[in-house]
Amino acid sequence: MMEEKLQKKRKARVAQADCVACGSCVKVCPKGAIKVYKGLYAQVDEGLCIGCGRCAAECPAAIIEIGEVTA
Amino acid sequence: MKKHWYDYLWIFSATYLILGFFNILFAWLGMLCFMLPLLIAIFGGSKMYCNLFCGRGQLFSLLGKKFKLSANRKPPVFLHKKWFRYGFLTFFMIMFGNMLWVTYLVGSGQRPLSQHVKLLWSIKLPWQWAYHGGVAPWVAQFSFGFYSVMLTSTVLGIITMALFRPRSWCVYCPMGTMTQLICQAKKPKVKK
Ligand code: SF4
Ligand code: SF4
Ligand code: SF4
């Protein structure tokens, strides 16, 4: 448990101000970890995201980055 | 990922484009692609249409991924910038208004029916083979005009699908921009 806590985890991060809320990312996420909130922008559930990067590769606006989060 | 019935709506979009080559009056069916997203945004406060149902987005996805027609490059940054998206929406609406105006002129007899499809707002393509008469001239004129809008946006979408990522059109799609604006207007002002 301790080790896991110190580990840096890779998670998707959406630049929400630039998001067009198209939902392309939602369709490719294997974990259901990304959702479009009320037609405004995409939101990542960091508890579910495994940082696989599929959404980042799919996003037609290229505004998702996979970054390290210290959890 | 599990497929749902709505994952096949690209068939509707493809059929729509093909029907326009045989009978232009089918263009009216495209009103669904105009009314549904707006109604869902206005009453549902979501972009459910883009997110799940839009066959056009699915079509670009399919062409880009299954058929590997997309270069899969990141699009230029300006494509998702607000000035570009709102600018394109404005331009699109002006051209749409112009199309309605022409429909009105034909309806009131001030202009003859023009049996053309206008591609990219400038290239006039002869299209008389797809019109077989039987309706009021304005009904036919609207069909030609509306189909022009649909074909133009498909062509633009295919170009950006090929050059950039499959669903690049969705970044500057006027309908997508409009529904997002509606959702923004509906959102209670809490966060920035
Ligand atoms: S794919 Fe990109 S632009 Fe579209 S909703 Fe997801 S983060 Fe936003
Ligand atoms: S990185 Fe993978 S798991 Fe995380 S939101 Fe994107 S697609 Fe889903
Ligand atoms: S942005 Fe336009 S093309 Fe893309 S899913 Fe929405 S309505 Fe369809």
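The values are calculated or read from the model by the stated rules, or taken from the named source; none is laboratory data. Everything numeric in this text was worked out from a predicted model, so none of it was measured. Using ideal geometry, Cβ is built from the backbone for each residue, glycine included, and neighbour counts are taken over all protein chains shown.
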Of residues in segment A:38-68 being assigned to a strand (DSSP E or B) and within 16 Å of ligand 3 (Cβ to nearest atom), the one surrounded by the fewest Cβ atoms within 10 Å (Cβ to Cβ):
A:Tyr41
Any residue at all in segment B:174-181 that's more than 13 Å from every other protein chain (Cβ to nearest Cβ) and polar (S, T, N, Q)?
no
Give the residue that is farthest from ligand 2 (Cβ to nearest atom), with candidates limited to residues of segment B:77-105 that are in contact (Cβ under 8 Å) with a residue 60 or more places away in the chain and not charged (D, E, K, R).
B:Met93
Taking the options B:Gly145, B:Gly64, name whichever one is part of a helix (DSSP H, G or I), more than 14 Å from chain A (Cβ to nearest Cβ) and touching a residue at least 24 places away in the same chain (Cβ under 8 Å).
B:Gly145
Could you tell me whether any residue of segment A:27-37 is part of a helix (DSSP H, G or I) and over 8 Å from the mean Cα position of the chain (by Cα)?
yes
So B:Val155 ticks every box in (1) assigned to a helix (DSSP H, G or I); (2) of a type outside the set (Lys, Arg); (3) surrounded by 15 or more Cβ atoms within 10 Å (Cβ to Cβ) but one. Which box is left unticked?
(3)
Given the condition modelled with pLDDT of 95 or more, more than 21 Å from B:Gly30 (Cα to Cα), within 16 Å of ligand 3 (Cβ to nearest atom) and not in a helix (DSSP H, G or I), answer yes or no: does some residue in segment B:107-121 qualify?
no
